[in-house]
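S.K.: Below are the structure tokens for one structure; questions will follow.
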Amino acid sequence: GTSVASPVVAGAVSLLASTVLPDKPGAGEDGRWALLNPGSMKQALVEGAVRLPNLNIYEQGSGRINLPNSMAILQSYTPRASVIPSRLDLTDCPYMWPFCRQHLYAGALPVIFNATLLNGQGVVGRLEGPPVWLPADAGGRHLHIDFEWSDTLWPWSGYLALYIRVKASGKDFEGPAAGAVECVVVSPPAPGEDTPRRSVVRLPVRAKVAPPPPRARRLLWDQFHSLKYPPAYLPRDNLDVKSDILDWHGDHPHTNFHGMFNTLRDKGYYLEATLHNAARKGSPQETHGYLAAVQHNGSNGSNGGNGSNGGGGYVVVFSDSNCLDRSHMSANCYDMLLRLLARVLDPAGSAAAQGVLEESLMPCLGDHMG
């Protein structure tokens, strides 16, 4: 983990810095320090890295560092801005797992991806204007991308969030969708310069678009009501533990519940994760939000369980050796989505609709809830 990676990368940075000569041509009076900063050094490390096989982007980032590659980048470096990853190919498996396991379709909740903006031009920067989506083919014209980004890129970096969805015009389309996201990063002039520094950042995007799956195959995943970690819990430092409900992956269908995500996909189900926790759980606002997603987006509700103390719901009882008291713990699982779906399917309020959902999903999930 970080304790091993940090000294390795610190040594690599020192070696790379030593390869930039103090009197490097074109660097001005400041020599190497006119070019070297945390932004430019990370650009050299990331862009020079070599991707590892059979690992996804969350497991390896940009890959294994390669000092000769990074040194070559620094030898020809001009201050600029860039983005990590340098391209976003949602069809590239296994590197872009979990996105590559599920095509995009009209009516689905947006797919969210957070990219990192690196700014080698200076410690402070900003976007000159909103990012723009430039479609490159017929499928790309059916995509709509919304953005959020850092108001100020400081220090040397910021975020660029993409919300990718298929427009209604693409409900019958099937095929690739490609294009690019572009934005301009501006930084103040460096010493001896009169005009602000300006760099165009381009992020190529590729995805697969297909018609929406049947409603019965679509699941709305509530990622904000997961099982809470119990008191006195100590995280494991064991990367071999891959299916523990309280493991090192974190709480998300793409991490802690990765086994269940893969199982659902293997069975032909499609998962759409909720975008944000807009309201307190169980509130009328939240209830309305989930009902809207189920009724208008055509998805069904599902939930990983949480520590709500409300009445009803399933109860999870488990023993965890990492807890100081080694005792059994229990938590009421949050079943609001099941009840909401039952209301949508059967406005009369009978238990039959909820039973249909449980009987359909539980045999599929089996032992993969972790």
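The values are calculated or read from the model by the stated rules, or taken from the named source; none is laboratory data. Keep in mind the model is a prediction, meaning the values are calculated, not measured. Here the Cβ positions follow ideal geometry from the backbone for every residue, glycine too, while neighbour counts run over all protein chains shown. Ligands, DNA and RNA are stripped out before the accessible areas are found, and what is left, the full protein with its side chains, is counted by its heavy atoms. Shrake-Rupley method; radii C 1.70, N 1.55, O 1.52, S 1.80 Å.
S.K.: Can you spot a residue in segment 31-50 that is open to solvent by 60 Å² or more (accessible area, probe 1.4 Å), in contact (Cβ under 8 Å) with a residue 40 or more places away in the chain and not in a helix (DSSP H, G or I)?
M.R.: No: segment 31-50 contains no residue that is open to solvent by 60 Å² or more (accessible area, probe 1.4 Å), in contact (Cβ under 8 Å) with a residue 40 or more places away in the chain and not in a helix (DSSP H, G or I).
S.K.: Can you tell me how many residues within segment 147-180 are touching a residue at least 60 places away in the same chain (Cβ under 8 Å), under 16 Å from residue 134 (Cβ atoms) and either of a type in the set (Val, Ile, Thr) or surrounded by fewer than 17 Cβ atoms within 10 Å (Cβ to Cβ) (or both)?
M.R.: Count: 3.
S.K.: Here is a further query. Please go through segment 188-223 and pick out each residue that is modelled with pLDDT of 95 or more, among the small types (Gly, Ala, Ser) and surrounded by fewer than 19 Cβ atoms within 10 Å (Cβ to Cβ).
M.R.: 210 - this is the single residue of segment 188-223 that is modelled with pLDDT of 95 or more, among the small types (Gly, Ala, Ser) and surrounded by fewer than 19 Cβ atoms within 10 Å (Cβ to Cβ).
S.K.: Sticking with this structure for a sec: For segment 71-109, which residues satisfy the criterion of being part of a strand (DSSP E or B) and over 23 Å from residue 53 (Cα atoms)?
M.R.: Result: 81, 82, 104, 106.
S.K.: Could you tell me whether residue 81 is of a type outside the set (Asp, Glu), out of contact with any Lys or Arg (no Cβ under 7 Å at 6 or more places or on another chain) and open to solvent by less than 20 Å² (accessible area, probe 1.4 Å)?
M.R.: So residue 81 fits the description; yes.
S.K.: Only one residue in 118, 109 is aliphatic (A, V, I, L, M) and modelled with pLDDT under 95, so which one is that?
M.R.: Residue meeting the stated conditions: 109.
S.K.: Within segment 92-113, take every residue that is under 13 Å from the mean Cα position of the chain (by Cα) and within 20 Å of residue 267 (Cβ to Cβ) and give me the one that is surrounded by the most Cβ atoms within 10 Å (Cβ to Cβ).
M.R.: The residue in question is 99.
S.K.: Hey, residue 76 hits all of (1) farther than 24 Å from residue 146 by Cα; (2) buried (at least 19 other Cβ atoms within 10 Å of the Cβ); (3) modelled with pLDDT under 95 but one; which does it fall short on?
M.R.: Status for residue 76: all satisfied but (2).
S.K.: Note down all Cβ pairs under 7 Å where the first residue falls in segment 198-217 and is over 25 Å from residue 157 (Cβ atoms), the second is of a type in the set (Lys, Arg), and they're at least six residues apart or on different chains.
M.R.: Between residues of segment 198-217 that are over 25 Å from residue 157 (Cβ atoms) and residues that are of a type in the set (Lys, Arg), the close pairs are 211/171; 212/171.
S.K.: Being out of contact with any Leu (no Cβ under 6 Å at 6 or more places or on another chain), open to solvent by 20 Å² or more (accessible area, probe 1.4 Å) and modelled with pLDDT of 95 or more narrows it down to one residue among 15, 55, 21; which is it?
M.R.: Step by step, each of 15, 55, 21 is checked, and only 15 is out of contact with any Leu (no Cβ under 6 Å at 6 or more places or on another chain), open to solvent by 20 Å² or more (accessible area, probe 1.4 Å) and modelled with pLDDT of 95 or more.
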